[in-house]
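**Student:** Following this message is one structure expressed as structure tokens.
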């Protein structure tokens, strides 16, 4: 009887293991994130905006149609032609009685080459726009060493929202002399997850502005919807029924959520992983997860840029992708400019669009936010973008590596990878 009981238990355990292994990567990632307190809703549309021009054209059109409130949270507003146009439109909406609130990061503002000065802020406020600086950089200038608000969120009338990798700057359209084309993307969300993004915005707004803005008027509900016209449509047959969740990293509360997502997305992949990320410095767990994915037969494709906007970090990036190439990853170096996009596509089943890089800042320090989209159609649209960008990239091989990086540059890359925990 004891042997029979043991056999029954063994068969049951094998059944459980078999059932777990049969689960798809999308169901596994949703299950894992739900355990972390992330909620998913099923009534969303997600429209991918594949360039700076598409993002600003679409978003400005939506802002012009606002009736109640416009909320903007950015790492920075660069004081240039695009920001000037944005503030002109916002001032017109404020005249019409629309509540306009804008938030930017202190370090993000001070570190860009066209910051908003005090006189600019006074002018903006005089036109009816509420604008606040999150954690201004003050003497002795160490308050921004760790936590910065790196999110990019816009919510209009509580009905539609924008998020992704772009701040407000004209180089997303015009490029720069330093890096050439500045390649990036954004997305527009309509559905219940707009409310999640509104929660995120209002929490940091009230903390920064010392206000208490709340109430149903700022949230999406079935009885208060109005139609925005002329915006780029979600062309998927799943439009209006997409499963989406928002992962939001904040210091001291949701510290590990971005790491949890990426580690589990990679570890649960069964067929394919496609990644585009500008600051691919990685931590130990992510490196290990990618190596294990390659080892179990997953096709891992990674795209990074030949050019960058900051020093040293790209040296670490090139060091990492070369090591992964030798393990069997397919590495593509984007040549026309700087690919600032932050996306991953797994098994053709789910993807993410958001603000988080794969460096220590985004994974361990900054305020970040990503939309997790459980939808094969949206994932396929991102994959098609990836395939198009391959045509503007070169595939890294050992022979190409020796031509691409001099012995000195290879040494700098090795040194830079030692600094990955702080760059």
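Taken together, the values in this text are just the output of simple stated rules run on the coordinates, not laboratory data. Treat the numbers as computed from the prediction; the structure is a model and nothing was measured. Here the Cβ is made from the backbone with ideal geometry for all residues, glycine too, and neighbour counts use every protein chain on show.
**Student:** Please work out how much length the chain gains when fully extended from residue 418 to residue 295, using 0.36 nm per residue of separation minus the C-alpha to C-alpha distance, in nm with one decimal. All intermediate terms of the calculation are to be shown ahead of the outcome.
**Tutor:** Working: separation 123, 0.36 × 123 = 44.28 nm, distance 2.45 nm.
Contour length minus Cα-Cα distance gives 41.8 nm.
**Student:** For volume of the Cα convex hull per residue in Å³, the choices are (1) 162; (2) 196; (3) 174; which was calculated from the structure?
**Tutor:** Matching the structure shown: (3).
**Student:** OK, next. Pulled fully out, how much extra length does the chain show between residue 335 and residue 404, if you take 0.36 nm times their separation in residues and subtract their Cα-Cα distance? Can you show the working numbers first?
**Tutor:** Working: separation 69, 0.36 × 69 = 24.84 nm, distance 1.18 nm.
Result: 23.7 nm gained on full extension.
**Student:** Using helices alone, what [θ] at 222 nm do you get for the chain, with -39,500 (n - 2.57) per DSSP H run of 4 or more residues, divided over all residues and rounded to the nearest 500?
**Tutor:** Details: 14 runs with 167 residues, N = 423.
When only DSSP H runs of four or more count, the value is -12000 deg cm²/dmol.
**Student:** Quick check: the angle from helix 193-209's long axis to the longest principal axis of the chain, C-alpha only, nearest 10 degrees?
**Tutor:** Between helix and principal axis, roughly 60 degrees.
**Student:** I would also like to ask the following. Using Cα springs under 10 Å in a Gaussian network model of the chain, which residue among 148, 361, 388 shows the largest mean-square fluctuation?
**Tutor:** 388
**Student:** Calculate log10 I(q)/I(0) of region 108-195 for q = 0.14, 0.20 Å⁻¹, where I(q) comes from the Debye formula with a single equal point scatterer on each Cα and nothing for solvent.
**Tutor:** -0.74, -1.24
**Student:** Let me ask something additional. Provide the percentage of antiparallel DSSP beta bridges, counting only those with both residues in the chain; round to the nearest 5. Walk me through the intermediate numbers first.
**Tutor:** Numbers: 44 of 70 bridges.
Restricted to the chain, the bridges split so that about 65 percent are antiparallel.
**Student:** Enter the angle in degrees (range 0 to 90, nearest 10) between the Cα long axis of helix 313-327 and the first principal axis of the Cα atoms of the chain, meaning the one along which they spread out most.
**Tutor:** 30
**Student:** Calculate how steeply helix 284-295 sits against the longest principal axis of the alpha-carbon atoms of the chain, using the helix alpha-carbon long axis, and give the answer as 0 to 90 degrees to the nearest 10.
**Tutor:** Its long axis makes an angle of about 50 degrees.
**Student:** A follow-up question, please. Just grab the label-to-label distance for residue 145 and residue 39, each label 7 Å out from Cα along the Cβ direction, in nm (one decimal).
**Tutor:** 3.9
**Student:** Next question, about the same structure. Which of rounded, prolate or oblate describes region 283-364 when judged by the alpha-carbon gyration tensor and an a/c cut-off of 1.5?
**Tutor:** Details: a/c = 1.43, a/b = 1.28, b/c = 1.12.
It is rounded, given that a/c, with a ≥ b ≥ c, falls under 1.5.
**Student:** Report the residue, chosen from 412, 276, 317, that carries the largest GNM mean-square fluctuation when the chain is represented by alpha-carbon nodes joined by springs under 10 Å.
**Tutor:** Top of the fluctuation ranking is 412.
**Student:** Where is the GNM fluctuation largest for the chain (alpha-carbon springs, 10 angstrom cutoff): 392, 119, 220?
**Tutor:** 119
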